[in-house]
Amino acid sequence: MNRHGVMLTAGFAVWASAFVLLYAMLSVGCRFGWHEMAFAGTSLQRVQLAVILLVHVAAGAAIVWMLGGQGNRADGTAIFMRRAGYAAALAALASTLFSFGGVFFLSTCH
Amino acid sequence: MAVLPLLAACGGPFSALEPEGPSARGAATLWWIMLAGFAAIFLMVSAVLALALWKPRTLRTFGAERTMVWGGLVIPSVILTVLVAAALALGERLLAVPSDPAPLRIEAIARQWVWEFRYPDGRATSGRLVMPVGEDVDFAVTSEDVIHAFWIPRLGGKIDAIPGHENVVRLRADRAGVYGGVCAEFCGDGHAPMRFSVEAVEQGDFEARLAEFGAEGQQ
Amino acid sequence: MTDKPPMDSPIRLHKQLAAIWDTPPGWGRLSAVNHTILGKRFMIAAFVFFAIGGLLAMLIRVQIATSGTAFVGPDVYAQIFTMHGTVMMFLFAIPMFEGLAIYLLPKILGTRDLAFPRLTAYGFWCYVFGGSILIVAMLAGVAPNSGWFMYTPLSSSTYTPGINADVWLLGITFVEISAMSAAIEITVSILKLRAPHMSIERMPIMAWYLLITALMMLFGFPPLILGSILLELERAFDLPFFDPTRGGDSLLWQHLFWLFGHPEVYIIFLPAAGAVSMMIPTFARHELVGYRSVIVAVIAVAFLSFGLWVHHMFTVGIPHLALAFFSAASGLVAIPTAVQIFAWIATLAQGRPRYDVPMLYLGGFFVIFILGGLTGVMLAMVPFNWQAHDTHFVVAHLHYVLVGGFVFPMMAAIYYWLPHMTGRLSDHRLSVPAFWLIFGGFNVTFFLMHLTGLLGMPRRVATYPAEAGWDWLNLLSSVGSFLMTIGFALFVMDLVVQVRFGKPFRRNPWHARTLEWAMPTPPPSYAFASLPKVTDRADRIDADSEAAALAAGRGYLGQARNGWQEILDVDMSSGRPLAIVVLPRRTYKPLVSGLLTGCFVLCLLFKFYWLSLLFLAFAIASLLAWSAGTGLKEDMGDLPIGHGEMAPTHWESDRPPSWWAMALACSADATLYASLLFGALFLWLVAPGWPPETVAGPAIAPVIVAAIAVVLAAMAGRRAVSALQQQVAPKLWLLTAGLAQLVASLAFGFMAAQVPEPTSHAQQATLFVILAYGGIRAAIGVLLAGFGLWRNHAGYLSARRSLDLRIGRIWHDYSCATGIVGLMAAMLLAYLAGNVEAPR
């Protein structure tokens, strides 16, 4: 809605984007048999999913880093929202790793 | 001692707590571990709540922030990580991944309100499934009308029978015997009686038994 | 123009405000738009539906009490359990929390009413009429009978040929209108209509909970509404979306349903948790510990809850990795929930807890909800879920979560806030035994049911064989359920006794520190005689002294002016007052619109499609007529609002609530459209029977015409606003926008009509809907342009009063963007279906 709304939700927006892309591309990959195509020592399917995950982890980490700094506005609302946004971004980053870490281990299309 | 009659109550032709195959056994083991662990968690949370109400000093010295961080964040995270990892590892073992030699494949076709089973030799049975013990069997499950679900509680996890899709579930019976099978997804008026019996027979008897029952349904 | 300084006579001020805000007695009650009245009506209606749902539950428990007690056939039993789930979820839980939110929100935020009082009333009528359709159908023996989840193909016309499923699809969608309007209204009210200087981090915690819940509804309900529309189109006009023989897929329905269905659980739980977060601090006599952590936890729950719907679908044959995503998220959501639970526990530990009836019910909530949460984590584990799914274990789990997480907190909330509504207190004589009967009965019923499920009893069976060994468990469950019913009967009696004979009190019986207690109880129609200035967190109010000052008119807007129902619009973040919102007064218009919408739905139900179009037109006309007589015909400039501050009316302000409501409505519609486009891609990717024999795609000429038209409309909509603001007549630009939208609408309609045989394959059917939808949006654009012309003609617009056109501009922009996306999606879908072959 406004600057503060963005702060609060940025971290989880990245989580949501990772979720949508990973789930969609997982289905696409299985449909087109990417799990049976060898690539970089594993399957094309696993590589593309891992790349999507890592990009999102990087984005999530960047948001944590940005919100971790001191804001330049000193009013109570801004400080509160920044701290809450920071905690939410941290939670979202941990959630991203926890929810989607399976792309490195689990069988992708069975 | 009070637990004993309850344990005895865990039996029955459809009991998932009396497993006869690896899939059901894995789930049952997971269940007993979770039951014990979660009972302990429940008691501990209740104890903390009781402390808060009647002996708040302990919690006050521990600190409000720390109560939240440890109770809400740290302890549940550790438990969940272990649990999810274990459950996914178990799930991975149960998948019907291609294997060599390929397991026996039986088609399970659901229609309102009967189960039909088709065997590799072209025979078919209806309402009664015959399978060999001691080996993996892949059930290719589908439906000809609405959604049903194929479930033999004592052998293992269920899979939905969905028109237009074929789902494969890998089950194994460790002992010969007759087990109950049900339709687990609501499928209309005949949902409740849409059961089937599963006859797990020694591998040597499988062909003969199938010939006996499967004759009429031969295709 | 009365512009007197604040008066110090509370009685005089009360009389003046009451004359403006009160609802007349007798038939005049039907004209009520006041939040206090409507909140109570919502809750009473929800409670009636709860009783109906409970009665159905009793029938279920009789039917399956033993293997020999079945008293109805499977067809009637299917209606009973379908209606039990449907009534409890859609007609009890959601409206109950809406009612509580409608009643409380303005009061805890320190304002006089919600943003759109007539919309509240319209939502109420939609809810009551839609719910009545379902109940009447049940009495007529044609209730929905495919389960509350309505899985296709069972719910399709092939397997459910009667009107049973149509009753569900149309009735529930009708009720959803009320849920969507409530979601928009709650969001806007919390963001824009707080007490002056209540910056967002000063909000009472329940406002945070309700804000987040309302936003979840905004994005969670559209998938279900879309699913219902598509399934009704399939049933009524044979357009295949879910039919596997024609390129549809029943899994699409499951995804759409659970994409709504799982967030729904949290949509139900979070408001209850918000109420808990209000009550615990009061009884602990200590403010909520970890206010900020709780907010972060609720945000986490809100997001995660959208990422775990597939745990209802672990057995549909989805790859293990995908199951892992949802399994992990399902487990993960326990963590923010645990954070909240330990915040409440820590609050109790920090304070000096005081016992009263609400605390007893909160104790029941703790026990039952934690157990439900734990079994939820169990069910999140894939291998266990494969066994427990669709058994009575799940029935037990979901009742622990929903009764523990919603019903118990709501009963606590009733005991907590009923004195606010009636001015009377409970004498514990019935409430305590009622609690123990409900709590004990509940656990007898549902604790054993976990075991029933693990012993293999599937859900929704009307009968079962004696040799299955489920008899004794079911019998005990049934006995428990009757104990629980007796408990609820006592509970109702207790409420009646309390309302009629409870001990009156003067003010704030719980010594609560939130604003809703800083007013006389029962509350006057205008809630606050003047609006408080909030300079600290809003759960640290000294309600007693605040109440006296506000009643004396020493806050903002402490006077009656022009017969206006005035409240203040504030800055979202800082709470700085921006404008005076002049609310519409009591009127029968929402009732008329509700009735006309009801007639439209009934026509669809009985397949009078041509007549339904007539009623649709009437309903839209009646909604447009709401704006007649509202607005200003001359600029008023800034007016005094108290505390020496000035503000313009909302018609002359930049972004008042109605502007945000339009923006939110567009977001909800965008969610619905995105679900449709994703659904089309899903079918291409997953459904059997693709590619179709002939692939349909839009012709290039109408695509170009439509694209140009929507862009032109958006540009003209923008030019109309800037013209008006530069004091140039906007008429020509509005005409251009309207004509362009008309052309776009016709072009989309033409393309939709050109789709060959939409009933032959899902590719054609989805293409048809994607295009037709574009046409409908453009047609709404025509209406809005026409509306702008009329407002201009009637003299409501000026350089300062450009709001009506700016709201129209949002729509023209939005329909331009989505129109282009829709055209591209239509072409992409045709390309994929025709050219991209993949192994199946």
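Conditions tested, residue by residue: (1) away from every other protein chain (no Cβ under 14 Å); (2) surrounded by 19 or more Cβ atoms within 10 Å (Cβ to Cβ); (3) in contact with a Pro (Cβ under 9 Å, 6 or more places away or on another chain).
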site: B:MET131; (1), (2), (3): yes, yes, no
site: B:HIS148; (1), (2), (3): no, yes, no
site: B:TRP151; (1), (2), (3): no, yes, yes
site: B:ARG195; (1), (2), (3): no, yes, yes
site: B:LEU210; (1), (2), (3): yes, yes, no
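Output the residues belonging to the range C:313-322 that are assigned to a helix (DSSP H, G or I) and facing chain B (nearest Cβ under 7 Å). C:HIS320 - this is the single residue of the range C:313-322 that is assigned to a helix (DSSP H, G or I) and facing chain B (nearest Cβ under 7 Å). Does the range B:92-112 contain any residue that is under 18 Å from the mean Cα position of the chain (by Cα), within 30 Å of B:ILE41 (Cα to Cα) and surrounded by fewer than 17 Cβ atoms within 10 Å (Cβ to Cβ)? Looking through the range B:92-112, at least one residue is under 18 Å from the mean Cα position of the chain (by Cα), within 30 Å of B:ILE41 (Cα to Cα) and surrounded by fewer than 17 Cβ atoms within 10 Å (Cβ to Cβ).
Every test in (1) in a helix (DSSP H, G or I); (2) in contact (Cβ under 8 Å) with a residue 40 or more places away in the chain is passed by C:LEU59 save one, and that test is (2).
Just so you know, in the range C:342-380 the residues that are within 20 Å of B:LEU51 (Cβ to Cβ) and not in a helix (DSSP H, G or I) include one that is farthest from the other protein chains (Cβ to nearest Cβ), and it is C:ARG354. Scanning the range C:466-475 for residues that are assigned to a helix (DSSP H, G or I) and surrounded by 18 or more Cβ atoms within 10 Å (Cβ to Cβ), which turns out farthest from the other protein chains (Cβ to nearest Cβ)? Among them, the one singled out is C:ASN474. The set of residues in the range B:111-126 that are closer than 21 Å to B:ILE162 by Cα, away from chain C (no Cβ under 14 Å) and assigned to a loop (DSSP other than H, G, I, E, B) contains only B:TYR119. The listed residues are C:THR245, C:THR213, and the only one of them that is of a type in the set (S, T, N, Q) and within 17 Å of the chain's Cα centre (by Cα) turns out to be C:THR213.
Please find, within the range C:693-708, the residue that is farthest from the other protein chains (Cβ to nearest Cβ) out of those that are assigned to a loop (DSSP other than H, G, I, E, B) and crowded, with 17+ Cβ neighbours inside 10 Å.
Selected residue: C:PRO698.
C:SER178 meets all of the listed conditions (1) within 30 Å of C:ALA687 (Cβ to Cβ); (2) modelled with pLDDT under 95 but one, namely (1).
Anything in the range C:381-419 that is hydroxyl-bearing (Ser, Thr, Tyr) and either farther than 26 Å from B:TRP32 by Cβ or facing chain B (nearest Cβ under 8 Å) (or both)? List them, or say none.
Residues satisfying the conditions are C:THR391, C:TYR415, C:TYR416.
Within the range B:133-158, the set of residues being over 19 Å from the mean Cα position of the chain (by Cα) and of a type outside the set (A, V, I, L, M) comprises B:SER143, B:GLU144, B:ASP145. For the range B:59-81, the candidate set comprises residues that are more than 8 Å from chain C (Cβ to nearest Cβ) and of a type outside the set (A, V, I, L, M, F, W, C); within that set, the residue that is farthest from the chain's Cα centre (by Cα) is B:THR61.
Could you please find all residues in the range B:133-146 being of a type in the set (Asp, Glu) and within 8 Å of chain C (Cβ to nearest Cβ)? B:ASP145, the sole residue that qualifies.
Identify all residues within the range B:118-136 that are without any contact (Cβ under 8 Å) to a residue 40 or more places away in the chain and closer than 14 Å to B:HIS148 by Cβ; write none if there are none. Steps first, please.
If we filter the range B:118-136 for residues that are without any contact (Cβ under 8 Å) to a residue 40 or more places away in the chain, which is where we start, we get B:120, B:136.
Once the filter is applied, which keeps residues that are without any contact (Cβ under 8 Å) to a residue 40 or more places away in the chain and closer than 14 Å to B:HIS148 by Cβ, the range B:118-136 yields nothing.
Filtering the range C:778-803 to residues that are within 17 Å of C:LEU623 (Cα to Cα) and buried (at least 22 other Cβ atoms within 10 Å of the Cβ) leaves C:GLY781, C:LEU784, C:ALA785, C:GLY788.
C:THR347 - would you say it is within 19 Å of C:ASN443 (Cα to Cα) and surrounded by 24 or more Cβ atoms within 10 Å (Cβ to Cβ)?
In short, no.
Just one of (1) touching a Lys or Arg at 6+ places or on another chain (Cβ under 8 Å); (2) in a helix (DSSP H, G or I) fails for B:THR58. It is (1). Test B:LEU30 against the stated conditions and say whether it is in contact with a helix residue (DSSP H, G or I) (Cβ under 7 Å, 6 or more places away or on another chain), touching a residue at least 12 places away in the same chain (Cβ under 8 Å), under 29 Å from A:GLY101 (Cα atoms) and crowded, with 19+ Cβ neighbours inside 10 Å. So B:LEU30 passes the test. Hey, among the residues in the range A:25-58 that are among the hydroxyl-bearing types (Ser, Thr, Tyr) and under 27 Å from C:LEU683 (Cα atoms), which one's nearest to the other protein chains (Cβ to nearest Cβ)? That would be A:SER27. The residues listed here are A:ALA13, A:ALA88, A:ALA78, A:ALA61; of these, the one that is part of a helix (DSSP H, G or I), more than 9 Å from chain C (Cβ to nearest Cβ) and of a type outside the set (S, T, N, Q) is A:ALA61. How about the range C:94-113: which of its residues are of a type in the set (Asp, Glu) and either under 17 Å from C:VAL276 (Cβ atoms) or not in a helix (DSSP H, G or I) (or both)? The one that is of a type in the set (Asp, Glu) and either under 17 Å from C:VAL276 (Cβ atoms) or not in a helix (DSSP H, G or I) (or both): C:ASP113. Within the range B:41-50, the set of residues being within 7 Å of another protein chain (Cβ to nearest Cβ) and either of a type in the set (A, V, I, L, M) or touching a residue at least 60 places away in the same chain (Cβ under 8 Å) (or both) comprises B:ILE41, B:VAL45, B:VAL48, B:LEU49. Here the condition is being at pLDDT 95 or above and within 14 Å of chain B (Cβ to nearest Cβ); of C:THR485, C:THR445, C:THR463, it holds for C:THR463 alone. As a summary of the residue check, C:ARG194 satisfies the conditions (1) farther than 18 Å from C:ALA527 by Cβ; (2) within 14 Å of chain A (Cβ to nearest Cβ) except for the one numbered (1). For the range C:420-442, the candidate set comprises residues that are small (Gly, Ala, Ser) and in a helix (DSSP H, G or I); within that set, the residue that is nearest to the other protein chains (Cβ to nearest Cβ) is C:GLY440.
Scanning the range C:305-336 for residues that are more than 24 Å from the chain's Cα centre (by Cα) and not hydrophobic (A, V, I, L, M, F, W, C) yields C:THR315, C:GLY317, C:PRO319, C:HIS320, C:SER327, C:GLY331. Output the number of residues of the range C:481-536 satisfying the condition of being closer than 21 Å to C:TYR556 by Cα, small (Gly, Ala, Ser) and surrounded by fewer than 21 Cβ atoms within 10 Å (Cβ to Cβ). Adding up the residues that qualify gives 1. Counting the residues of the range B:174-191 that are more than 17 Å from C:ASP75 (Cβ to Cβ) and either of a type in the set (Asp, Glu) or surrounded by fewer than 20 Cβ atoms within 10 Å (Cβ to Cβ) (or both) gives 6.
The values are calculated or read from the model by the stated rules, or taken from the named source; none is laboratory data. In this text, all values refer to a predicted model and were calculated from it rather than measured experimentally. All Cβ positions, glycine included, derive from the backbone under ideal geometry; neighbour counts span all protein chains shown.
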